[in-house]
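Please read the structure below before turning to the comments.
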Amino acid sequence: MPRFDALIRDCRACTLAPGQGWGLIDDAVIGWCDGLLAFVGPREQLPGEAVGADTRVYPGNGALVTPALIDCHTHLVFAGERVAEFEQRLEGASYAQIAQAGGGINATVLATRAASEDQLLAQSLPRARALLADGVATLEIKSGYGLELEAELRMLRVARRIADILGISVRTTFLGAHAVPPEYRGQPDDYINRLCSHMLPAVAASGLADAVDAFCEGIGFTPAQTRRVFARAGELGLPVKLHADQLSDLGGAALLAACKGLSADHLEYSNAEGVRALAQADCVAVLLPGAFHCLRETRKPPVADLRAHGVAIAVATDCNPGTSPLLSLRLAMALACNTFGLTALEAVLGTTANAAHALGLADRGRLLPGLRADLALWDIAHPAALAYWLGGAGAIQVFSAGEPRLGNSVCG
Ligand code: NIG
Ligand code: FE
């Protein structure tokens with residue numbers, strides 16, 4: 001056993017160890033060195049030689065410790081907001097009608113293109129801070145409101161800067177195929193040509209994107225256009241994810257699975273064949289109850305079928321200015337339970353272990369020796385309470401790679 005750099009004592013650990021449900025350990029000690037967990041177990045099993053004079057000791061004061069949460073689908077870098085569209089939708093306009101009239105995603109594209117990198121950062125950072133306060137230490141952020149190379153790269157750079165400033169992990173996704181930009185209106189194939197020939201290679205060369213996503217939908221791109229984007233991403237060595245079957249069934253889940261993608265997201269209209277394909281290809285189903293809620297959607301994702309086929313289910317905020325202005329991953333969990341019928345354990349696995357899987361990360365999402373010391377401390381008695389409260393106090397403290405990241409004095 002190596003000497004710990006730091007440990008938390010007097011806590012209750014929720015390890016989520018495979019096959020053990022919550023994997024609860026009372027009166028636990030959690031020790032780590034070099035940012036990786038070295039020991040997670042009951043106090044009486046703590047090896048004496050692991051604690052030295054220079055080991056930092058954090059008093060847990062009885063807190064519940066879970067793996068830090070992972071928000072595996074957000075669009076939180078953008079400029080402006082879309083409150084007026086929210087009011088239009090309340091008066092009966094649909095998301096698709098607003099998009100067809102030039103609003104929707106394209107309204108945010110205009111605002112984002114007009115913002116400097118620093119302005120974009122200043123507007124987006126508070127949203128990332130809100131998620132961090134809610135227990136999140138790994139965050140996926142998509143581009144997709146630039147829709148031309150420079151503005152897309154600017155969004156991705158802002159996402160990377162957020163990681164540096166907050167000291168958390170950010171995984172970036174290039175979503176150039178989010179909407180047809182205004183200058184290509186009516187010529188989606190020409191835009192996809194441009195995306196495949198110029199934008200994707202430049203984004204890959206920049207090293208600013210960890211994955212590629214697309215919006216396969218009537219108001220987005222066709223399956224054929226999506227396949228072209230994914231084929232090019234594959235040539236460039238970038239994994240893919242998909243906004244699939246959100247508003248209609250275009251066979252998005254099966255398309256993603258055929259490309260061996262990381263995750264298919266939304267899935268309200270996915271068919272049985274798509275679910276089977278996700279299971280066979282070991283792709284994660286990412287549920288986004290915030291968008292379901294705000295669009296007042298009535299068709300639910302096929303949770304029972306996903307379960308029956310053993311598809312890993314993740315839950316994310318989809319934080320975006322149009323369909324899901326949601327800044328709490330715990331609230332996304334509560335919505336996933338109360339609206340989609342997930343169990344509390346499924347919701348917590350969906351924002352930890354399965355969310356890591358959706359990002360292709362094998363080094364986090366549970367409290368096991370060898371994994372990253374990414375931890376969230378909570379003032380709750382049982383982890384099911386993470387999906388129970390609607391709002392209220394966030395995490396007491398969040399550790400990323402063993403360092404406290406919330407600017408408060410608790411365990412800091
Ligand atoms: O995940 N569906 C497409 N993209 C976002 C919405 C983005 C927007 O409306 O700005 C989503 O719901
Ligand atoms: Fe989305």
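Here residue 360 clears all of (1) more than 14 Å from ligand 1 (Cβ to nearest atom); (2) touching a residue at least 24 places away in the same chain (Cβ under 8 Å); (3) not in a loop (DSSP other than H, G, I, E, B) except the condition numbered (3). Only one entry in 321, 325 is open to solvent by 40 Å² or more (accessible area, probe 1.4 Å), within 14 Å of ligand 2 (Cβ to nearest atom) and modelled with pLDDT of 95 or more, namely 325. Within the range 41-94, if we keep just the residues that are within 16 Å of ligand 1 (Cβ to nearest atom) and in contact with a Cys (Cβ under 9 Å, 6 or more places away or on another chain), the residue that is farthest from residue 323 (Cα to Cα) turns out to be 71.
Here is a yes/no grid of residues against (1) open to solvent by less than 20 Å² (accessible area, probe 1.4 Å); (2) more than 13 Å from residue 145 (Cβ to Cβ); (3) of a type outside the set (Asp, Glu):
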{"position": "77", "(1), (2), (3)": "yes, no, yes"}
{"position": "87", "(1), (2), (3)": "no, yes, no"}
{"position": "101", "(1), (2), (3)": "no, yes, yes"}
{"position": "112", "(1), (2), (3)": "yes, no, yes"}
{"position": "116", "(1), (2), (3)": "no, yes, yes"}
{"position": "127", "(1), (2), (3)": "no, yes, yes"}
{"position": "131", "(1), (2), (3)": "yes, yes, yes"}
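Could you say whether any residue in the range 398-406 is in contact with a helix residue (DSSP H, G or I) (Cβ under 8 Å, 6 or more places away or on another chain), crowded, with 23+ Cβ neighbours inside 10 Å, assigned to a loop (DSSP other than H, G, I, E, B) and among the basic types (Lys, Arg)? Looking through the range 398-406, none of the residues is in contact with a helix residue (DSSP H, G or I) (Cβ under 8 Å, 6 or more places away or on another chain), crowded, with 23+ Cβ neighbours inside 10 Å, assigned to a loop (DSSP other than H, G, I, E, B) and among the basic types (Lys, Arg). Within the range 372-382, the set of residues being buried (at least 21 other Cβ atoms within 10 Å of the Cβ) and touching a Lys or Arg at 6+ places or on another chain (Cβ under 9 Å) comprises 372, 374. Exactly one residue among 163, 151, 137 is away from ligand 2 (no atom under 16 Å from the Cβ), surrounded by 18 or more Cβ atoms within 10 Å (Cβ to Cβ) and not in a helix (DSSP H, G or I), and that residue is 137.
Considering only the range 74-92, state which residues are assigned to a loop (DSSP other than H, G, I, E, B) and touching a helix residue (DSSP H, G or I) at 6+ places or on another chain (Cβ under 8 Å). Matches in the range 74-92: 74, 76, 77, 78, 79, 80, 82. Note on the range 1-33: residues that are surrounded by 15 or more Cβ atoms within 10 Å (Cβ to Cβ), farther than 23 Å from residue 384 by Cβ and not aliphatic (A, V, I, L, M) total 6.
The values are calculated or read from the model by the stated rules, or taken from the named source; none is laboratory data. Because the structure is predicted, anything quoted here is derived from the model rather than measured. Reconstructed Cβ throughout: ideal geometry from the backbone, glycine too, with neighbour counts over all protein chains shown. SASA here: full protein model, heavy atoms, side chains in, ligands and nucleic acids out. Shrake-Rupley method; radii C 1.70, N 1.55, O 1.52, S 1.80 Å.
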